[in-house]
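Enquirer: My questions all concern the structure below.
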Amino acid sequence: MRRIIINEHLSLDGVIQGPGGPDEDTSGGFELGGWSAKYGDDISGETIVDAINEDYDLLLGRVTYDIWEPYWPFQTGPIADKFNGIKKYVATRTLTESSWDGTVLLNGNAVEQVKELRASDGIDLHVWGSADFIQSLFEHGLVDQMNLWIYPVVLGKGKKLFAGGTMPGGFKLRKHVVSGMGVICASYEAAGAVQVGRIGEE
């Protein structure tokens, strides 16, 4: 079985919209795009590069794909080479063709198609951004791991990591590091049902 791993830049109040730049995602009147840009340093940068350099196919929602498709094919360097060279599965109801090499459109029942992908043999599936699409993944219990970069900023509005409909579940911390700029870089893997009890009892 292939794992589905989501990668998200996250504010303290759970917002994942538009971390990279002012024009990245302005839907819903979001005006705080680029909120992660001033917190980069060697430590957080290294964890991002490590995640990018893993072996995987991309799994993207339509909005993130629409941001990436006109950008990455025209860039050079290690990240561009990685994204341009691997397979990209895109969940979309309306897109019928793409000029980005390696793109596979999931324009049937995307959730069922993702379930089939996850159950197949192959390398992991990595999701970046895709704020709307990941809600469907959470709702159907299709997230196996979360790589989160949690920034010391509160935004007050914007698309959130957990926007409702998420299935309850526990996660286990795999690794973590805190950057000098205060970014918590943490990786969590799914660990079954929520464990409950009473504080003070064994």
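Enquirer: Considering only residues that are touching a Leu at 6+ places or on another chain (Cβ under 9 Å) and closer than 20 Å to residue 2 by Cβ, which ones fall in the stretch 40-65? Break it down into steps so the answer makes sense when it comes.
Expert: Going residue by residue through the stretch 40-65, those that are touching a Leu at 6+ places or on another chain (Cβ under 9 Å) are 56-59, 62, 65.
Scanning the stretch 40-65 gives 56, 57, 58, 59, 65.
Enquirer: Another one. What are the residues in the stretch 105-122 that are in a helix (DSSP H, G or I), touching a residue at least 40 places away in the same chain (Cβ under 8 Å), under 16 Å from residue 58 (Cβ atoms) and open to solvent by 30 Å² or more (accessible area, probe 1.4 Å), if any?
Expert: Within the stretch 105-122, the first condition is being in a helix (DSSP H, G or I), and the residues that meet it are 110-119.
So of that shortlist, the ones also touching a residue at least 40 places away in the same chain (Cβ under 8 Å) come out as 114, 117-119.
Restricting the remaining residues to those that are under 16 Å from residue 58 (Cβ atoms) gives 114, 117-118.
The one that is in a helix (DSSP H, G or I), touching a residue at least 40 places away in the same chain (Cβ under 8 Å), under 16 Å from residue 58 (Cβ atoms) and open to solvent by 30 Å² or more (accessible area, probe 1.4 Å): 118.
Enquirer: Next question, about the same structure. Only one of these conditions is not met by residue 163: (1) within 24 Å of residue 63 (Cα to Cα); (2) hydrophobic (A, V, I, L, M, F, W, C); (3) surrounded by 16 or more Cβ atoms within 10 Å (Cβ to Cβ). Which number is it?
Expert: (3)
Enquirer: OK, next. How many residues does the stretch 122-145 contain that are farther than 21 Å from residue 82 by Cα and more than 13 Å from the chain's Cα centre (by Cα)? Let's see the steps before the verdict.
Expert: Within the stretch 122-145, the subset farther than 21 Å from residue 82 by Cα is 131-144.
Among the residues that remain, those that are also more than 13 Å from the chain's Cα centre (by Cα) are: 139-141.
Adding up the residues that qualify gives 3.
Enquirer: Now a separate question. Any idea which of 182, 156, 102, 200 is modelled with pLDDT of 95 or more, at positive phi and loosely packed, with under 11 Cβ neighbours inside 10 Å?
Expert: On the way: 182 fails: loosely packed, with under 11 Cβ neighbours inside 10 Å; 102 fails: loosely packed, with under 11 Cβ neighbours inside 10 Å; 200 fails: modelled with pLDDT of 95 or more.
Matching residue, one of 182, 156, 102, 200: 156.
Enquirer: How do the pairs read when you match residues in the stretch 13-33 that are surrounded by fewer than 16 Cβ atoms within 10 Å (Cβ to Cβ) with residues anywhere that are of a type in the set (Val, Ile, Thr), using Cβ under 7 Å and keeping only pairs 6 or more apart or on different chains?
Expert: 13/154
Enquirer: Of the residues that sit in the stretch 19-36 and are within 17 Å of the chain's Cα centre (by Cα) and at pLDDT 95 or above, which one is farthest from residue 178 (Cα to Cα)? Please lay out each step first, then the result.
Expert: The first filter runs over the stretch 19-36 and keeps only residues within 17 Å of the chain's Cα centre (by Cα), leaving 19-21, 24-25, 33-36.
From what is left, the residues that are at pLDDT 95 or above are 19, 33-36.
Numbers: 19: 18, 33: 23, 34: 20, 35: 18, 36: 15 Å.
Going through the qualifying residues, I end up with 33.
Enquirer: How about the stretch 73-99: which of its residues are surrounded by 11 or more Cβ atoms within 10 Å (Cβ to Cβ), over 16 Å from residue 130 (Cα atoms), in contact (Cβ under 8 Å) with a residue 12 or more places away in the chain and not charged (D, E, K, R)?
Expert: 73, 79, 84, 86, 98
Enquirer: List every residue pair whose Cβ atoms sit under 8 Å apart, with the two residues 6 or more apart in sequence or on different chains, where the first one lies in the stretch 185-202 and is within 13 Å of residue 6 (Cα to Cα) and of a type in the set (D, E, K, R) and the second, anywhere, is in a loop (DSSP other than H, G, I, E, B) and open to solvent by less than 80 Å² (accessible area, probe 1.4 Å).
Expert: What qualifies is 189/144.
Enquirer: Kindly list the number of the only condition in (1) open to solvent by 30 Å² or more (accessible area, probe 1.4 Å); (2) touching a strand residue (DSSP E or B) at 6+ places or on another chain (Cβ under 9 Å); (3) over 13 Å from residue 57 (Cβ atoms); (4) in a loop (DSSP other than H, G, I, E, B) that fails for residue 143.
Expert: So the condition that residue 143 fails would be (1).
The values are calculated or read from the model by the stated rules, or taken from the named source; none is laboratory data. Note that this is a predicted model, so its numbers are computed, not measured. So basically every Cβ, Gly included, is an ideal-geometry build from the backbone, and we count neighbours across all protein chains shown. The protein model used for the area step is the full one, side chains on, heavy atoms only, and it has no ligands, DNA or RNA in it. Shrake-Rupley method; radii C 1.70, N 1.55, O 1.52, S 1.80 Å.
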